[in-house]
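Some notes on the structure that comes next.
The values are calculated or read from the model by the stated rules, or taken from the named source; none is laboratory data. None of these values were measured; they are calculated from a predicted model. When we count neighbours, we look across all protein chains shown, and the Cβ atoms used for this are built from the backbone with ideal geometry, even at glycine.
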Amino acid sequence: MDLSFYVVAVPAVVLLGLSKGGFSGVGMLATPLVALVVPPVEAAAILLPILVLQDIISVIAYRTTWDRWNVLVLLVGALPGVFLAYLLAARVSDSAVELVIGIISIVFAVRRLFIDWRGQSDQMTKPKLMAGWLCGAASGFTSMIAHAGTPPFQIFVIPQRLPRNIFVGTSVMFFAAVNLLKVFPYFMLGQFTARDLTLSSTLAPVAVLSTWLGIYLVRRMSSSQFIMVIYILMVLVGGKLVLNGLSELAAGGI
């Protein structure tokens, strides 16, 4: 692989590390970046082992600060979501998934930013099982298709206003489990090759360092600053996904 691969792959892995460290959502830019130089399916296959490696580091860092109820409820939905995505992998357009997820992310984040700007707050209600299952299924499905499972997770968890470390730890534990669920389907789809696994291994040092950097930065932010950053990232990432989806659909992505 020539230098152009690493020019985009290294920033992509850094974004994944920051995401695994706590800046949820920014990692969704990684697959589109790597897809600039390799086919999208191969880009996702190269990044999955890196995600699993980064998950190990994040799980160690946040092993004592996560909400078990949220993780279990979301995983109940994620399992059939991943399985459905595996069955439909050859029929689902990445561009259509990116467009829908991008629009949902922007609407949700802008609404939350507007509420906070007005000095209002949503009435706190206990999260419902059905909503958790649906968000978990959507997260598992989009994560399997395009490594883009963060927005459905955030839509369910953010309104609960969990403390910063609990929110990050819950995200870490949930997506660590989802990424493990994805390994076998990716293998069955023939998406792991010796060359791709070699490329993944060469990026391992960057993956480790960037994950610890994300953990370091998140732990030095206040909860209010952290949530504001997450909202802004959702808008930016959602906009990028919408642009990707529209451009690919215009070029015949469906």
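Brief remarks on what is shown
- Test: residue in the range 69-85 that is out of contact with any strand residue (DSSP E or B) (no Cβ under 6 Å at 6 or more places or on another chain), surrounded by fewer than 24 Cβ atoms within 10 Å (Cβ to Cβ), more than 22 Å from residue 248 (Cβ to Cβ) and without any contact (Cβ under 8 Å) to a residue 60 or more places away in the chain: yes
- From the list 47, 74, 29, 51, the one residue that fits, being within 16 Å of the chain's Cα centre (by Cα), in a helix (DSSP H, G or I) and at pLDDT 95 or above, is 74.
- Per-region count, the range 14-26, residues under 13 Å from the mean Cα position of the chain (by Cα) and either assigned to a helix (DSSP H, G or I) or under 21 Å from residue 191 (Cα atoms) (or both): 8
- Given (1) crowded, with 18+ Cβ neighbours inside 10 Å; (2) in a loop (DSSP other than H, G, I, E, B), index of the condition residue 196 fails: (2)
- Take the conditions (1) within 18 Å of residue 13 (Cα to Cα); (2) assigned to a helix (DSSP H, G or I); (3) among the hydrophobic types (A, V, I, L, M, F, W, C); residue 148 misses just one of them, which is (2).
Here's the yes/no breakdown for (1) at pLDDT below 85; (2) closer than 17 Å to residue 16 by Cα; (3) touching a strand residue (DSSP E or B) at 6+ places or on another chain (Cβ under 6 Å); (4) among the charged types (D, E, K, R):
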{"site": "161", "(1), (2), (3), (4)": "yes, no, no, yes"}
{"site": "165", "(1), (2), (3), (4)": "no, no, no, no"}
{"site": "174", "(1), (2), (3), (4)": "no, yes, no, no"}
{"site": "178", "(1), (2), (3), (4)": "no, yes, no, no"}
{"site": "185", "(1), (2), (3), (4)": "no, no, no, no"}
{"site": "195", "(1), (2), (3), (4)": "no, no, no, yes"}
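- The numbered conditions (1) surrounded by 17 or more Cβ atoms within 10 Å (Cβ to Cβ); (2) more than 18 Å from the chain's Cα centre (by Cα); (3) over 22 Å from residue 245 (Cβ atoms) are all true for residue 57 except (2).
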